[in-house]
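The values are calculated or read from the model by the stated rules, or taken from the named source; none is laboratory data. Please read these numbers as outputs of a predicted model, since none were measured by experiment. So basically every Cβ, Gly included, is an ideal-geometry build from the backbone, and we count neighbours across all protein chains shown.
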């Protein structure tokens, strides 16, 4: 079972973002590593927030783990995007179940939201959200109506490593390599 998630924020300072996380969430221990370790705080059964420079200049990358649901950080991301006039890109895929999410927030406005949600009884993947203008990359995708099951032969399941990365690129994630990219990952313990 693999969970892939990535939040990219354009034009924002890592230290300020860290302060906002500490102000808005219950945070315990912190540690800086030269690699990402999402399970570092599992000794106390807590999730990790991981903050780092992104590979491309002008971006930071954040891994916000979930205690409750995939949507639990949406309001926080919308608020900081609005207050600081930021572009926020969010991508998520749970590869075993098929659950996926893609979100674009610009200056506090949700421009694109796709959420393919898993239900367990009976197991099915449902189109929970499909809001906003399609990206060019999506032109040939067929999505079901909201609330309708996703049939993999008829409708598009989002893939993290191809679809979501291409959608990130279309919304501007790319450019010059970040010369400050130091492979320094701040891990914050997200208390329940």
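Taken as a whole, the structure leaves residue 5 outside the set of residues that are surrounded by fewer than 16 Cβ atoms within 10 Å (Cβ to Cβ) and either in contact with a helix residue (DSSP H, G or I) (Cβ under 6 Å, 6 or more places away or on another chain) or not in a helix (DSSP H, G or I) (or both).
Inspect the stretch 87-98 for any residue being under 26 Å from residue 19 (Cβ atoms), touching a helix residue (DSSP H, G or I) at 6+ places or on another chain (Cβ under 9 Å) and not in a strand (DSSP E or B) and give the result as yes or no. Scanning the stretch 87-98 turns up no residue that is under 26 Å from residue 19 (Cβ atoms), touching a helix residue (DSSP H, G or I) at 6+ places or on another chain (Cβ under 9 Å) and not in a strand (DSSP E or B). For the stretch 178-192, the tally of residues that are touching a strand residue (DSSP E or B) at 6+ places or on another chain (Cβ under 7 Å) and either at pLDDT below 90 or assigned to a loop (DSSP other than H, G, I, E, B) (or both) stands at 6.
Matching residues to (1) surrounded by fewer than 17 Cβ atoms within 10 Å (Cβ to Cβ); (2) in a strand (DSSP E or B); (3) in contact with a helix residue (DSSP H, G or I) (Cβ under 8 Å, 6 or more places away or on another chain):
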site: 23; (1), (2), (3): yes, no, no
site: 38; (1), (2), (3): yes, no, no
site: 43; (1), (2), (3): yes, no, no
site: 71; (1), (2), (3): yes, no, no
site: 82; (1), (2), (3): yes, no, no
site: 102; (1), (2), (3): no, yes, yes
site: 116; (1), (2), (3): no, yes, no
